[in-house]
1. Please give the FRET efficiency for B:ASP46 paired with A:ASN300, using the beta carbon to beta carbon distance and R0 = 25 Å, rounded to the nearest 0.05.
2. Given the options D:THR153, D:THR69, D:THR57, state which has the largest fluctuation in a GNM of chain D using a 10 Å cut-off (strictly under) for Cα springs.
3. Assign one of three labels to segment A:1-61, namely rounded, prolate or oblate, based on the Cα gyration tensor with a ≥ b ≥ c the square roots of its eigenvalues; rounded applies when a/c is under 1.5, prolate when it is not and a/b is larger than b/c, and oblate otherwise.
4. Using only the Cα atoms of the protein assembly as shown, what semi-axes does the equivalent ellipsoid have when each is the square root of 5 times a gyration tensor eigenvalue? Give whole Å, largest first.
5. Lysine pairs, Cα distance under 24 Å, 8 or more residues apart or cross-chain: how many in segment C:120-270?
6. In square angstrom and rounded to 100, what buried accessible area do you get between chains B and A, total over both, with the probe at 1.4 Å?
7. Let a ≥ b ≥ c be the square roots of the eigenvalues of the Cα gyration tensor of segment B:178-304; is it rounded (a/c under 1.5), or, if not, prolate (a/b larger than b/c) or oblate?
8. Calculate I(q)/I(0) for chain D by the Debye formula, one identical point scatterer on each C-alpha and no solvent, and give its log10 at q = 0.06, 0.16 Å⁻¹ to two decimals.
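The values are calculated or read from the model by the stated rules, or taken from the named source; none is laboratory data. Worth saying up front: this structure is predicted, and the values here are computed from it rather than measured. Backbone-built Cβ (ideal geometry, glycine too); neighbour counts: all protein chains shown. Calculation scope for accessible area: heavy atoms of the full protein, side chains included, ligands and nucleic acids excluded. Shrake-Rupley method; radii C 1.70, N 1.55, O 1.52, S 1.80 Å.
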Protein chains: 4
Amino acid sequence: MNYQQVLDEIFLNIRSLENVGKVASYIPELSKVNPDQFGVCLKTLDGIECGVGDWKTKFSIQSICKVLTLSYAYKILGDKIWERVGVEPSGNPFNSLVQLETDNGIPRNPLINAGAMVICDMLLSQSKNAQTEFIDFVRKISNNPNIDYSYKTAQSEKSIGYRNIALCNFIKSFGNIRNEPIDVLEFYFHICSIEMSCQELVQTFMFLVSDVINSKDNQSILEEKKAVRVNAIMQTCGFYDESGEFSFRVGLPGKSGVGGGIVALHPEKYCIAVWSPRLNAKGNSFRGMKFLESFTSQTNTNIF
Amino acid sequence: MNYQQVLDEIFLNIRSLENVGKVASYIPELSKVNPDQFGVCLKTLDGIECGVGDWKTKFSIQSICKVLTLSYAYKILGDKIWERVGVEPSGNPFNSLVQLETDNGIPRNPLINAGAMVICDMLLSQSKNAQTEFIDFVRKISNNPNIDYSYKTAQSEKSIGYRNIALCNFIKSFGNIRNEPIDVLEFYFHICSIEMSCQELVQTFMFLVSDVINSKDNQSILEEKKAVRVNAIMQTCGFYDESGEFSFRVGLPGKSGVGGGIVALHPEKYCIAVWSPRLNAKGNSFRGMKFLESFTSQTNTNIF
Amino acid sequence: MNYQQVLDEIFLNIRSLENVGKVASYIPELSKVNPDQFGVCLKTLDGIECGVGDWKTKFSIQSICKVLTLSYAYKILGDKIWERVGVEPSGNPFNSLVQLETDNGIPRNPLINAGAMVICDMLLSQSKNAQTEFIDFVRKISNNPNIDYSYKTAQSEKSIGYRNIALCNFIKSFGNIRNEPIDVLEFYFHICSIEMSCQELVQTFMFLVSDVINSKDNQSILEEKKAVRVNAIMQTCGFYDESGEFSFRVGLPGKSGVGGGIVALHPEKYCIAVWSPRLNAKGNSFRGMKFLESFTSQTNTNIF
Amino acid sequence: MNYQQVLDEIFLNIRSLENVGKVASYIPELSKVNPDQFGVCLKTLDGIECGVGDWKTKFSIQSICKVLTLSYAYKILGDKIWERVGVEPSGNPFNSLVQLETDNGIPRNPLINAGAMVICDMLLSQSKNAQTEFIDFVRKISNNPNIDYSYKTAQSEKSIGYRNIALCNFIKSFGNIRNEPIDVLEFYFHICSIEMSCQELVQTFMFLVSDVINSKDNQSILEEKKAVRVNAIMQTCGFYDESGEFSFRVGLPGKSGVGGGIVALHPEKYCIAVWSPRLNAKGNSFRGMKFLESFTSQTNTNIF
């Protein structure tokens, strides 16, 4: 299959449609982005890489990073992470506090804000240098020493992050945050601020397609039996209360961020990243969802 | 791979463990079943069929049938069914009314009780003979004219089905049931009462693995683009508030019933059914969950 | 104080304002009522009775009757009724099922639909002739043998009472309804259908102002220590999720019905009933709320 | 009536019963209090003051102070305060965040934590010196220049106040807190830390029985039409999710605090304060509830 041609055709088609939706405006730094940027990058297991549009432009990956913190914590802490966070879809918006009240401070899964905070807390308990060590991990799996936090975006988000401050203190009140909320939030806002291009995203996420590819030092990034579970959680929980819809339309494990990025992957074939800042009503990239629906349909690579 | 040997080994292993959990006792008819029966059947796309234990014993498939009513309604009514039922996991127990209140009577998905009732209502609006036509559909896809409702079980469930009566009248109060609740419930209790053995279950569900197999009359049972969506819904919503867990541990689309049956399938390879009446705290077969976790692990057929 | 003059003045004043709100249309029989009828009746402890407008016209008292079923059950069954129903305000609309799910089928108080159904169930368990005995009780305390159920209204409500059917079956599923839901609902729809004029309402409710007045046979209707508790429940729970507002503005124990009636009382002074069918957004009589706010303000009889 | 004798008798009776319940332990400073202290003070409109037990010992009045912040804000800001806080009972525990999510950040009433924070925020917007001005107001109405905040208790509560920090930031995320949460919380923790004895409490709260008494400078503390509304809110909302129970058993407007204090008043007769640190399951003083139930019963001063 000529993947470049497929990307080009779908790209042109989606770009010709009206680009509806709003850029995430609640984070001041994100609202400054040109809303009509649009890029896609695909990398296959057999080494093909192709891209279209703004695929080399960096953007704020936001919640996509929660898959990386989960993978990192799962790698170094193992199955004991599941004592403090679940693996069930939440059925609620991404920042809901209701479920936490019902579930006594145990977040439903590690890909919602509450769950990612608990993961950050575990990493902080493990090491005072968690913030540095984590970005080193990301640089390693992406083979890219230039990946970094955006201190400006982290700062911007912290300045208005009242709901996240509420969330973290609420979990703390149940005892499921062990460090001081202010420290956990500092780490959390930083992981959300990481910037990558679509090209860098697919490079980074290839370890979930195959454990071999990225390991230049012959070390495993994440054992396969853990990787399949991370993929399973992305499938059921990657898109907040639109996870079922993504599974229904696209049929791949994936994760979105409010910066307008989506990464998705076929566990035996490829990783793909799409970026377009305008978001639908559920907070997921409008064009990203459309693109991926067309892509799995045309390439017949829906996993179901 | 010698599938028979794999089934046998896992079967012996699981059977040697303590069989915990309770048989569903709220339906009088179900509580009469011998709780330690245990059977498995596997059928592959290339024609292998093998089984172990009580794989030819009929049992009440209960909620597993919701996949069949969904498939039938999707086949004859098409995408308009999604106007009245969602595709998102519920994040709540199977018979919760809370979500319906929030969502104004639109059930989260067609595999929870509320959603299955709305599907039944659609079918009743389509035809007064829906109950007969539906069992004919099931007989056709299973190539088995002996599949039938259990009038005794339907009657038993009706006699104590207060929560389901509440659910159906509640949806009616929002206008999302069009027929009289008493008629919808009559149909609903019947579909839940269908009896099949593991062998019959896999035979019946093969149309979701491949559309070709079962069509002796050259007619499609369900077009592939619809089948993948039914599979996607099973993946995210098939196990009530344990759907994420099943996805996490087993990694296959599947559906459970309170009779202790579970059917699961690999979209490119096989269909498998397990039956063991003792249920875990979430209402899914204790041994069934364990068996399938071992099976996808040993055969390396987790879809993620 | 010249009460007649006060009633007249406020009546003219309120009538001159625009009469906004909607008549309860979900019960077909209620929607036929002329929406601009407006009546008031006051009866004081020292024997004064005065009225204005349509104060002698009968209307459907609906939920107001829940105070009477509560009083009757409390009288004959005593404090054991509190094992199956609470005394807390619900904080939710009158027909919410959410709270019941949280509270395992124990309704928050006897003045919401769920609670009144549990009271009806208790009375039915006490006597097969509860429906007849209850109307006899009402006739006795009102000194009026002509008070009766409206079979037409009861039938009308039953024909569309899906939410109430849901509610009753839901409580049954928790075991807090002992009789068959269909029988409880039959009784429940009847008690809601009772018709009275404002004049008859104040006459009926005087036993909550003073136990002596109505007892022509020297028998107590309800001992004072029980009456104060019924009044306390009316104060905190009498107006669904507008109970605090009524307490705040009017400052009297009272109870409203969707027929547009409100009865309120000053425990040491009087009973007053207002009727006007147009309802505000919370389901309470628009003019009734306004009238009573002016009345306690002008007569300085707010109990606080 | 010999009030002293009544107090003495009930006091002895209650003290002879087992003193069950737990001292609020989540605030380190409160957990140091001797749990078996017990005091009562009564002051009548006609000038009688009597007390028993530890009625002159200061304790942390905690949430009781919310009535004072409400009264102060109502006095200086008038009815516009109701645009940002409701008057309905919450039907939920005192620190629930669920309701705020449903109600878009508008707390149900000013006597739950969320509502008191919004009141604090209003006062801070009105004056940078709100904290000083408020304690001056309290000293004035109590005729007691020694009433003060306990900086130690405020600090103690702040050190573990994660749930309150969550609450305040959550309301801020809806825009219903205008100042920085950290400043609102500082003020909030201080108002909760005020210390008074039972004797001082009744002296302070007499302005809600009669506006005349405390005004040595001929200035009104709170006009009667506002005072009745504060009383009405205490009646329906003063005891968290036990407000209905208190109304039912005691029949007076009142307010409790987790320090074990309860103040209650009869709008035409008296103010009474009870203090005993052990709390029942709902967080209200075990002995306090019992004492007041006996008191209104024996003195026949239930307002209903």
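1. On the way: r = 20 Å, r/R0 = 0.80.
Efficiency, from the Cβ-Cβ distance: 0.80.
2. Highest fluctuation of the listed residues: D:THR57.
3. Cα axes put segment A:1-61 in the oblate bin.
4. Numbers: eigenvalues 654, 307, 141 Å².
They are 57, 39, 27 Å, listed from largest to smallest.
5. Lysine pair count for segment C:120-270: 21.
6. Working: alone 12490 and 12490 Å², together 22430 Å².
The summed interface area works out to 2600 Å².
7. Details: a/c = 1.65, a/b = 1.09, b/c = 1.52.
Oblate.
8. Relative scattering, expressed as log10 I(q)/I(0), comes to -0.17, -1.35.
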